Amino acid sequence: MVFDLIIMLAVSIVGMFALITVKSYELSTGRLLFGGARPRISRFSARTVFLFGTVLPRFVVWEVRRMYRFFASFAHSAVAHAVLRLERWLESVLTKVRESTDAPRAPGEASAFLREVAEHKKKLVGRVDEKL
């Protein structure tokens, strides 16, 4: 990078020296160098400056914004797919846990003692809810 900058500086110095030399020659002799080609060179220079100073930067900005929108939508959809897969996996794990932890139930009715315990528990829960 530093080497590139040094080369650009050297080219700029040589170019400026050439321009100053040509302008000095024109002022001292009164003759124009490349007088016939100057209008074409001027049009070419104006178009080149417009291209590199206006069109290309705007195109680069437009392209960067387009790529940002593309990658943002890609990331959005990738995260959405990952969340959906994670949700499916968690649901499957929850189903397996439910299946493995269900208490075995005996067929038929509960005994009188268990019915009485259940009624007592309902009363206790009702009292706690009233206090809160």
Helix-only [θ] at 222 nm, the chain, -39500 (n - 2.57) per DSSP H run of 4+, per residue, nearest 500, equals -29000 deg cm²/dmol
Checking 60, 22, 83 against a Gaussian network model of the chain (alpha-carbon springs below 10 Å), the top fluctuating residue turns out to be 22
In the list [x] 14.6, 45; [y] 23.6, 80; [z] 42.1, 127, the entry giving Rg and Dmax of the Cα atoms in Å computed from the coordinates is [z]
Full extension between residue 71 and residue 122 adds, at 0.36 nm per residue less the Cα distance, a length in nm of 12.7 nm
Residue ranges of DSSP H helices in the chain that stretch 30 Å or more (Cα, own long axis) and have mean Kyte-Doolittle hydropathy of at least -0.5 are 2-29, 56-101
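Bear in mind that the values in this text are calculations on the coordinates, not laboratory data. Quick caveat: nothing in here was measured; it's all calculated off a predicted structure.
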